[in-house]
C-alpha cells in the first residue's frame, strides 16, 4: 500500500513538474498568436490619415505584412488576453519637439472604435486651432487623458461624462479663455488635474469646483490668470485635504487670497509652487505647520526680510526655492537658521539667486545632502569658503555676479565628482589649474565669464565631453583654439568665447554643429581676432554673433541655407565685402540682423522685405547705394532701423512712418536723401532716436513732431534696448540670452557707441541739411529730449522763449543757422545742460542771468554782440 502511494505521489510530482515547465510555453504561444482587432487597426489607420506626419513618427503603422499587428506599433499597447487596445500614447519627446518632429492635423472620431481604451496621451504635438473633440466624452472607460497638444479653442462639456477619469491634462499654450468650470465637478475620481496656460479669468467658480474633487492629489493651474479667491468661499468650501501637489504659479495672486486657503490644508501638502505671484511682506510663520512639505517654491515675487528660523526645523524639506525676491540680510545668518535644525540633513536644493543677501559664504560642510546651491546675483563677497569642496553630492553650483575674490585651485574640486553645473560668471576670481589637470567631474554647464584663466587655452576642457553650455568669455585668453576643441561635445548648444584675444580661422561650423542638438545652438565669438572667410554656418542655430573680428570675403554662402532657425545674426565690424545676398525669404525667423561696419556694396535686395519678424536691421557704415526698396514696408515689427553712413539717395519714403510705426530708433544719417521731411514720420509715436543728419534735406521742420510721444517722457525705466530669448539647457535649467542694440551717436562733438544706456537716450538730430524756416514751437513739447541738434541748416527767426521747457536737455546745438534776436532768458532753466552751441548766428543782446554762462568773461560777448555771437560752451 505504501509503495503504491509512493508511486502515486511520484507521478503527481512528475506531472506537476511537467505542467509548470510547459505552462510558460503555452502562455508564450498564446502571446504570439494574439494580434490586434481588425476594426481597431483600421480605426487607427483612419486616425493616422487625419494627421500630418512630416517626419515619419508613425512609420511603424501600416497594412504591410511586417506591420499588420497594430499592438506592435509605436505608442500602442493591447490587452494580453483580449487583444483590445488599452493604451494609445503618441506623446512626442522633448527632443523630438525641439526638432519639430511632431504630429499635426486633427483628432479623428475614428478613435471611437477603441471601445476598451483606458489611456490616451496625445501631448507635445501641434493639433493647432482645433477644439477638444466632443466625441472623447464617449470613451467611457478612459482613466487617463492628456491633451496638452496644441491650441484648442474650447472645452467640450461632454467630458463631464468621463466619471471614471483619474488623470486629466489639458495644459495649453494658446491662453484661450473659458467660463464656468462646473462640468469638472462631475469628475469625482480625478486624482490629477492640469489646466495650465488656460485663461480662467472668467472662471470665478474655479475654487468651488476644485473643492468638490475630494480624490484630488495633484492640482496644477500654472499661468491661468486666476481670479482672486473670495474670502467667504474659503470657509464655506473645504478643499480636499488629500491634495499633495499644488502648483498655482504665475497667476499674480495676492498674499491675502492665497495664504488663508493654503494654511487650512497645510499638513498634507508635499510639493507647493507659488512662484511668480504677488506675494509681499515677509515669509509667513504659518509655513512651519506644513510638516510634510518636501518642496517649496516662492520665487519671483516681492517677499522681503530674511529667511525665517523655522525652516531649520522642517525635517522633510528637500527643495527651498526663493530666487528673484527682495530678501536680504547676512548670508551667514541664513545658514545659521538652516543648520540649527534637522533640515540640514534633508535639504537637497537651495535657490536664493537674485536677492540682496550680503557678506561671505560661511561654513557649509554640514549640508551633506545638498545637490544644488544657487546664490547668483546677490551682494556676497570675500573668498569662497573651502567647506564647499566637502559637498560631495553637489551637482549644481552658481555663485555668478557677486563680488567674490581670490584664487581657486584644482584641490577645491577634488571631492566634487558629481558636479554637472558650475557658474562663477562675473566675479573677481582667478582659476589656477595646472596644464595637465584631469577634473573628477563631467560638466554639462560651465560659465566662467570674466574670471581670470588665460592666457593659454585651458587644456583640461578636453576632458569635458558632455558640455551643453560653455561660457569662457572675457577670461584673458590670447591663444589659438586647438583642433580638439571643435569636437569637444556632441551636445554643445551654447558657446561663448567673446571678448578674448583668440586668433585663427574657424572650421566648418555646419559640420561641427550638425543640427542634432535639441533646441538649436547659440554661438558668440565676438570681439576676438578670427580671420579669413566665414565658413558655412549651422542652420539650426538661434544666435550667431561673429562681430568685431577680421572675417573677410562675401556672405553669399547664406543663400545655400534653405531652412534655418536663426533669431539673431550679427556679422558687424568685420572686413566683409560684396553685395548683400538676395535670399532673405528663408530667414523669416530673424529678430536681429546686424551687418554694420563692413564693406558691403550695391543695393538693398527686395527680399529683405520678407524678414517679417525682424526687430533690428543695422546696415550702418557700408558702401550701399540706391533708393530704399518699398518691400521694407513689410517689416512692420522693426524697432531699430539704422541705415546711416552709406550713399542711399532719393526722398525719405513716406511708408517709413505709415508702416514702421513701432520704430524706436531711426537713423538715416550721412546719406544723400533729399526733399522734404515727410509728415508721415510723425506717426512714429515710439521713436526715441531720430537722426536725419548729414543729408540734403530741405523745407521746414514738420510741426507734428510733438506726436513723438516717447520723447515727452522725462524718465525711462529701461536703460537698454534689447531682444532676448530663453534657452532651455540641461540639467533642468535655462539661459536667457539678451541681444543689446548698439548705436553710434554723435554726442558732444564725437561719435560714440551707445549700448548699455541707449534706452535712456532721447535724441533729435536734423543737423547738416538745408532746412529753413523757424523752429516749430511744437518741438518744445518734447520735454524728454536729452539731445537736440539743428545746427548747420538755414533756420531763421528768433529762438522761441519756450526752449527753456526742454528741461531734460544735456546737449543743445543751434549753431551755424540764421537765427536772429536775443538769447532767450528761459535758457537759464536748463540746469543740466552740458553742451550749448549758439555760434555763427545773428543773435544779439545780453547773456541770460542765472546760468553757467555767467562764468565766462563778459568782454568776449561785448566784442561779438554786434556781429556773429559766438557762444560755444563745453561743461564737462
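Checking residue 34 against (1) at pLDDT 65 or above; (2) touching a helix residue (DSSP H, G or I) at 6+ places or on another chain (Cβ under 8 Å), which test does it fail?
Status for residue 34: all satisfied but (1).
Per-residue answers, yes or no, for (1) assigned by TED's automatic domain parsing to the domain that holds residue 677; (2) more than 17 Å from residue 843 (Cα to Cα); (3) within 39 Å of the chain's Cα centre (by Cα):
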| site | (1), (2), (3) |
| --- | --- |
| 776 | yes, yes, no |
| 779 | yes, yes, yes |
| 782 | yes, yes, yes |
| 786 | yes, yes, yes |
| 796 | no, no, no |
| 808 | no, yes, yes |
| 813 | no, no, no |
| 818 | no, no, no |
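Out of the residues in segment 306-323 that are surrounded by 20 or more Cβ atoms within 10 Å (Cβ to Cβ) and under 17 Å from residue 355 (Cα atoms), which is nearest to the chain's Cα centre (by Cα)? Spell out how you get there, then give the answer.
Within segment 306-323, the first condition is being surrounded by 20 or more Cβ atoms within 10 Å (Cβ to Cβ), and the residues that meet it are 307, 311-312, 314, 317, 320-323.
If we keep only those that are under 17 Å from residue 355 (Cα atoms) as well, we get 307, 320-323.
Details: 307: 29, 320: 24, 321: 20, 322: 20, 323: 17 Å.
It comes out as 323.
Can you list residue pairs whose Cβ atoms sit under 6 Å apart, with the first residue in segment 603-621 being without any contact (Cβ under 8 Å) to a residue 60 or more places away in the chain and the second being part of a loop (DSSP other than H, G, I, E, B) and surrounded by fewer than 18 Cβ atoms within 10 Å (Cβ to Cβ)? Count only pairs 6 or more apart in sequence or on different chains.
Listed by first residue and then by second, the contacts come to 604/629; 605/582; 606/629; 607/582; 612/588; 613/637.
If residue 539 passes every condition in (1) within 27 Å of residue 755 (Cβ to Cβ); (2) buried (at least 18 other Cβ atoms within 10 Å of the Cβ); (3) within 22 Å of the chain's Cα centre (by Cα) but one, which one does it miss?
(1)
Inspect segment 153-163 for any residue being modelled with pLDDT of 85 or more, buried (at least 21 other Cβ atoms within 10 Å of the Cβ) and within 23 Å of residue 57 (Cβ to Cβ) and give the result as yes or no.
Checked segment 153-163: no residue is modelled with pLDDT of 85 or more, buried (at least 21 other Cβ atoms within 10 Å of the Cβ) and within 23 Å of residue 57 (Cβ to Cβ).
Give me the strands (runs of 3 or more DSSP E) completely within segment 532-582, filtered to those with at least 3 residues that are farther than 23 Å from residue 739 by Cα, ordered by residue number. If you could, list the steps in order and put the result at the bottom.
Working: elements: 541-545, 550-553, 568-570, 575-579.
Result: 575-579.
Of the residues that sit in segment 771-791 and are within 15 Å of residue 703 (Cβ to Cβ) and touching a helix residue (DSSP H, G or I) at 6+ places or on another chain (Cβ under 7 Å), which one is surrounded by the fewest Cβ atoms within 10 Å (Cβ to Cβ)?
Of all residues in segment 771-791, those within 15 Å of residue 703 (Cβ to Cβ) come to 771-782, 790.
Filter again for touching a helix residue (DSSP H, G or I) at 6+ places or on another chain (Cβ under 7 Å), leaving 776-782.
Values: 776: 16, 777: 14, 778: 16, 779: 23, 780: 18, 781: 19, 782: 23.
Checked segment 771-791; the qualifying residue surrounded by the fewest Cβ atoms within 10 Å (Cβ to Cβ) is 777.
Quick grid of which residues meet (1) in a strand (DSSP E or B); (2) modelled with pLDDT under 95; (3) touching a strand residue (DSSP E or B) at 6+ places or on another chain (Cβ under 8 Å):
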site: 337; (1), (2), (3): no, yes, no
site: 353; (1), (2), (3): no, no, yes
site: 366; (1), (2), (3): no, yes, no
site: 373; (1), (2), (3): yes, no, yes
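Of all strands (runs of 3 or more DSSP E) completely enclosed by segment 620-690, which ones contain at least 1 residues that are modelled with pLDDT of 95 or more and under 19 Å from residue 765 (Cα atoms)?
On the way: elements: 623-626, 640-642, 647-651, 665-667, 672-675.
The qualifying strands (runs of 3 or more DSSP E) are 640-642, 647-651, 665-667, 672-675.
Restricting to segment 740-772, give me the number of residues that are in a loop (DSSP other than H, G, I, E, B) and within 28 Å of residue 547 (Cα to Cα).
Initially, segment 740-772 is screened for residues in a loop (DSSP other than H, G, I, E, B), giving 741-742, 748-749, 755-757, 761-762, 766-769.
Still in the list and also within 28 Å of residue 547 (Cα to Cα): 741-742, 748-749, 755-757, 761-762.
Qualifying residue count, segment 740-772: 9.
Please give the strands (runs of 3 or more DSSP E) falling wholly within segment 38-130 in which 1 or more residues are out of contact with any helix residue (DSSP H, G or I) (no Cβ under 6 Å at 6 or more places or on another chain) and more than 18 Å from residue 170 (Cα to Cα). Full working, then the answer.
Details: elements: 76-78, 85-89, 119-121.
Because the criterion is at least 1 residues that are out of contact with any helix residue (DSSP H, G or I) (no Cβ under 6 Å at 6 or more places or on another chain) and more than 18 Å from residue 170 (Cα to Cα), the strands (runs of 3 or more DSSP E) in segment 38-130 that meet it are 76-78, 85-89.
The values are calculated or read from the model by the stated rules, or taken from the named source; none is laboratory data. This structure is a prediction, so every number in the text was calculated from the model and none was measured. A quick note on method: Cβ atoms are made from the backbone with ideal geometry, for glycine too, and the neighbour counts reach across all protein chains shown.
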